Amino acid sequence: MTLQLDSKIPSGPIQDKWESRKFDSKLVNPANKRKYKVLVVGSGLAGASAASSLAELGYQVECFCHNDSPRRAHSIAAQGGINAAKNYRNDGDSVWRLFYDTVKGGDFRAREANVYRLAQVSVDIIDQAVAQGVPFAREYGGLLDNRSFGGAQVSRTFYARGQTGQQLLLGAYSALSRQIGLGAVKMYSRTEMLDLVVVDGHAKGIIVRDLVTGELREYAGDAVVLATGGYGNVFYLSTNAMNCNVTAGWRVHKRGAGFANPCYTQIHPTCIPVSGDHQSKLTLMSESLRNDGRIWVPKQQGDKREPGQIPEDERDYYLERKYPSFGNLAPRDIASRAAKEACDSGRGVGETGLGVYLDFKDSINRLGKDAIAARYGNLFHMYSKITAEDPYSRPMRIYPAVHYTMGGVWVDYNLQSTIPGLFVLGEANFSDHGANRLGASALMQGLADGYFVIPNTIAGYLAEQKPGAVGADHPQFGKIRGEIDDLTKRLLSIQGKRTVDDFHRDLGKIMWDKCGMARNDAGLREALKEIPALREEFWKDVRVLGSADSLNQSLEKAGRVADFLEFGELMCRDALERRESCGGHFREEWQSDDGEAVRDDDDFCHAAVWEHKGPGEEPERNVEPLEFDNVKLAVRSYK
Amino acid sequence: MKVVLHIWRQSRPSTSQDFGQDGKMVRYELDDVSADMSFLEMLDILNERLTAKGEEPVAFDHDCREGICGTCSLMINGRPHGPERGTTACQLHMRSFQDGSEIWIEPWRAKSFPVLRDLVVDRGAFDRVVQAGAFISVNTGAAVDANAMPVPKADADKAFDAATCIGCGACVAACKNASAMLFAGAKVSHFLHLPQGQAERDRRVLNLVETMDKEGFGNCTNQYECEAACPKEIPVRVIADMNREYNRARIKS
Ligand SMILES: Cc1cc2nc3c(=O)[nH]c(=O)nc-3n(C[C@H](O)[C@H](O)[C@H](O)COP(=O)(O)OP(=O)(O)OC[C@H]3O[C@@H](n4cnc5c(N)ncnc54)[C@H](O)[C@@H]3O)c2cc1C
Ligand code: FES
């Protein structure tokens, strides 16, 4: 093992760890803060909250995003809600329970200390958002409302209709905008980070491409914060926004940052099924719908009757049957596999047979159509736009789709990667969700990282650095910029026959078939042959038109797909080496008689952290052992 | 089905206010279009075919493809986001068009939104309006308990209705004056209906109006085209809210 994986977890009881870290950490005195410059890449929930909070503290901040405005980061699309251990319901919730649910939900593959801190600061996030004017749903008494999400038996999810991500991001964006207006943050939109500059082992800057003029530029800083989101689009089809990508995370990995658990991907059970080859992305139907919708398939194989014609006793409400205590609110990995199983057994619905029903009839009868419309109106509208079907009168058809990636750049308790000075937040890091994320916990994590964790932990690093020690005139900047320039020229000079999307689709198919909802040794080994072959063909036969010195969307995509073609291989390798099933990582060889995931805690109770060894070299697998002192390692049961 | 497309092509950022100067409409024919395709998937196919022929694909902005990020911004047959009410271009499906249709696709046209290439415009002016005051000044960590300040549900709902604006710019594109009143009004109305928004209410509205003028957005002459074009159906009452707030703040100052 060559990576230094010191998790830097503070000692002491779990309840006191965060307080003691804040107390032990070195501070930067207020007058000195303005001498330090922090580069924040990403303006989603994690990036926008970090950039604004750091600027409020007095640091000079420069923030970058590839979208045309920070407000359009992928976080905007989150629908269902955000968890917090407020216990406003008096239903037995607590910081401890949120911690416990998250560790268990992650199938015991997350770091306890991080998860506990997440649960602790969750309550402050809601306060912060409300103070910013985020219009969460309220009850008639004027107090905040809650709903339930999967993997929990309490109601702790705060929401803003089906647009929670939008409202939270607009809150963070307004805080960021305030700092931009004050001149404390310099914002660079339509600007893509293409590489990290490491000087004497420390992250000291980035190379970016201005997506309008094509110009490559260098930015130096005293620390770099990456909040660049997840890599679900390696599958081509996912619920992620079209421009989400792994480039920032992958390129820092190639510069020395360990990448943890890349095979942990979340397949969300309730998405609108694929309708044809033209499909460019998949649309999520929020998990919150499972509060009021019941999932079923016909009991009989090949039953092609209209759903309304199938009598109650010929329906299989399979989640309620298999998991009576959680029912339709079973966690995502479990609900997805159950849907796959139902369809694999020939009971799937819709033209392709790859679908199950999500039925609101009972809730509409009980609560009335208006009540359902008030809760989920925008989701029902979205569904009917896409399918031309009316979900008020006919059950929705849904199927699992790639949604979220738990793996990411390895970080310690301070959110610092294996490269000193490089911090990673939000979906881009690996830290809090283990092998499966619970619903409504990504928004919580992104905002926890940005508003509350990084403002505290970054000081410990900066306090030991001389501000402005390395400028963009350092030769390392020019060198790396030259490498990026060469890469761009190479992409434009191939002038082959196949489009970038064509390659991306092929990669997606390999990943979905062999590294998707179920994985096995033989399939992963095939993928490990097919991906390098596809990559080689890409570099011989891709066609990218246009020039490097203008707005060129094919070129942007080509760079991202080139990285996916390398990254996909690491995912399959990680999936192959993890010889157990846990959470979203289901290895067919490790399952119980009734098809549940079987973990191997003796050999795999650890995070796998990959180290890049240079082009053409095999990456090295390092491990960070996970210790469970507060939650007992147990078989996860939702029965 | 088959469609005939007329698409604005422009290879460099606009250099003048005269739209005709920098680009032109180009005709394309596309067959094998499926009614289940989204409008943007239809453009994807066009781009795949153009690339195969060695012609540069059409640049257009998009990201979420589910009507929430506000990135897509197409003028379709003279209407922002096309023919369907309450629908963004990315949520529009080809089943809304007839076989053999001719479809004209252009970028947003407004002085404050210069064209960068083909169908892509620069909406940075919206960000600058927000930076001028569309926020509540509360630093991280300074908040009181979320339930310390109850908000009547009716007020919260009003605030929410305004807050659903996705900042796409359709309102500006639809308005013959290229006014941003619906956009800015939505911001004012959102904060106006919340107790947290009261402290800065005067300053906010004055700064927003001043910045809109500076950015070159036009005045509102009550045409209501913005409301009809808004994919989130933000009502023009937010403009009334904003006018009332503006007059109030002016009198006080
Ligand atoms: C449809 C959908 C619904 C969801 N619903 C929920 C929900 O209800 N509750 C919940 O908790 N979670 C939900 N999630 C998950 C959650 O939305 C995301 O995990 C979370 O928003 C990620 O936030 P982030 O800040 O880490 O990254 P993002 O929001 O993805 O932001 C990434 C940022 O990085 C920038 N960026 C990326 N690469 C580069 C680069 N190379 N150079 C410059 N900038 C770059 C982008 O421009 C963007 O600003 C949902 C996800 C999806 C897909
Ligand atoms: S692409 Fe996001 S709203 Fe259309």
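Quick note: the coordinates plus some simple rules give every number you see, no bench work behind them. Quick caveat: nothing in here was measured; it's all calculated off a predicted structure. Neighbour counts are summed over all protein chains in view; Cβ atoms, including those assigned to glycine, are modelled from backbone coordinates with ideal geometry.
For B:Asn139, put the label point 7 Å out on the Cα→Cβ axis and report which residues of region A:171-193 keep their amide N under 17 Å from it. Answer for this model: A:175-185.
Ignoring aspartates and glutamates fewer than eight residues from B:Lys53 along the same chain, the ones with Cα atoms less than 16 angstrom from its Cα are A:Asp501, A:Asp502, A:Asp541, B:Glu29, B:Asp31, B:Asp44. For region B:139-229, applying the loop criterion from DSSP together with a ceiling of 13 other beta carbons within 10 Å to the trypsin sites (Lys or Arg not before Pro) yields B:Lys176. Distance distribution P(r), region A:475-603, all Cα-Cα pairs, bin width 5 angstrom from 0: 2, 10, 18, 16, 14, 11, 10, 8, 6, 4, 2, 0, 0 percent.
Taken over the alpha carbons of region A:116-245 as equal point scatterers, the Debye sum produces base-10 log I(q)/I(0) values at 0.13, 0.21 Å⁻¹ of -0.85, -1.34. For the pair A:Glu139 and B:Asn222, label points projected 7 Å from Cα toward Cβ lie 4.4 nm apart. Remark: relative contact order (chain A) = 21 percent; criterion is Cα-Cα distance under 8 angstrom and separation of 6 or more residues.
Students often get this wrong: which residues of region A:136-162 have the backbone nitrogen under 20 Å from the point 7 angstrom along Cα-to-C-beta of A:Tyr317? Residues passing the 20 Å test: A:148-155. Summary of the geometry: region A:316-364 and region A:263-302, compared by the centres of their Cα atoms, lie 9 Å apart. One Cα centroid belongs to region A:537-582, the other to region A:437-514; the line between them spans 13 Å.
Shielding of peptide A:115-125 by partners, expressed as the average count of other chain Cβ atoms within 10 Å per residue Cβ, is 1. With the contact rule set at Cα under 8 Å and sequence spacing of 6 or more, what percent relative contact order holds for region B:3-117? This gives 34 percent for region B:3-117. In terms of overall dimensions, the C-alpha atoms belonging to region B:124-252 reach 45, 29, 27 Å along their principal axes, ordered largest to smallest. Rounded to the nearest Hz, the phi-derived 3J(HN,Hα) couplings of region A:518-528 under the Karplus curve 6.51 cos²θ - 1.76 cosθ + 1.60 (θ = phi - 60°) are 9, 10, 8, 3, 5, x, 5, 5, 4, 4, 5, where x marks glycine and proline.
Label sites at B:Arg85 and A:Ala374, each approximated as a point 7 angstrom past Cα along Cα to Cβ, lie 2.3 nm apart. For a 27 Å ceiling on Cα separation, which of these pairs sit above it: A:Lys86/A:Lys361; B:Lys153/B:Lys187; A:Lys340/A:Lys361? Long pairs (Cα-Cα over 27 Å): A:Lys86/A:Lys361. Within region A:20-59, whose backbone N sits under 19 Å from a point 7 Å along Cα→Cβ of A:Gln4? Residues passing the 19 Å test: A:25-26. Tell me which DSSP H helices of chain B clear both cut-offs, 18 Å or more of axial length from alpha-carbon atoms and a mean Kyte-Doolittle hydropathy of at least -0.5. Sorted by number, the helices that extend far enough and score high enough are B:39-53. Spin-label model, B:Ser34/A:Lys529: points 7 Å from Cα along the beta carbon direction are separated by 3.1 nm. Kirkwood radius for the protein assembly as shown, taken over all pairs of different Cα atoms as the inverse mean of 1/r, rounds to 27.6 Å. Straightening the chain between B:Glu48 and B:Phe19 buys 7.7 nm, computed as 0.36 nm per residue apart minus the Cα-Cα spacing.
Translational diffusion of region B:3-117 was estimated from the Stokes-Einstein equation, with Rh taken as the Kirkwood radius over Cα pairs; at 4 °C and 1.567 mPa s the coefficient is 88 µm²/s.
How many partner chain Cβ atoms sit within 10 Å of a residue's Cβ in peptide B:113-120, on average, as a whole number?
Average neighbour count from other chains, rounded to a whole number: 3.
Give, in nm to one decimal, the length gained when the segment between B:Asn77 and B:Lys252 is fully stretched (0.36 nm per residue of separation minus the Cα-Cα distance).
Working: separation 175, 0.36 × 175 = 63.00 nm, distance 4.54 nm.
In short, 58.5 nm is gained.
Remark: mean inter-chain Cβ contacts per residue of B:147-157 equal 6, using a 10 Å Cβ-Cβ cutoff to other protein chain atoms. Of the trypsin sites (Lys or Arg not before Pro) found in region A:1-49, those that fall in a DSSP loop while having at most 11 other beta-carbon atoms within 10 Å are A:Lys26. For region B:143-199, the alpha carbon positions stretch 45, 20, 15 Å along the principal axes, listed from largest to smallest. To the nearest 0.05, how large is the calculated FRET efficiency for A:Lys632 and A:Asp24 if R₀ is 30 Å and r is the Cβ-Cβ distance? Result of the calculation: an efficiency of 0.55. With Cα atoms defining each centre, region A:100-152 and region A:51-83 are spaced 19 Å apart in the structure.
Find the eigenvalues of the gyration tensor of the Cα atoms of region A:268-402, then list the square roots of 5 times those eigenvalues as equivalent ellipsoid semi-axes, largest first, in whole angstrom. Walk me through the numbers on the way to the answer.
On the way: eigenvalues 76, 68, 48 Å².
Ellipsoid half-lengths, sorted descending, are 19, 18, 15 Å.
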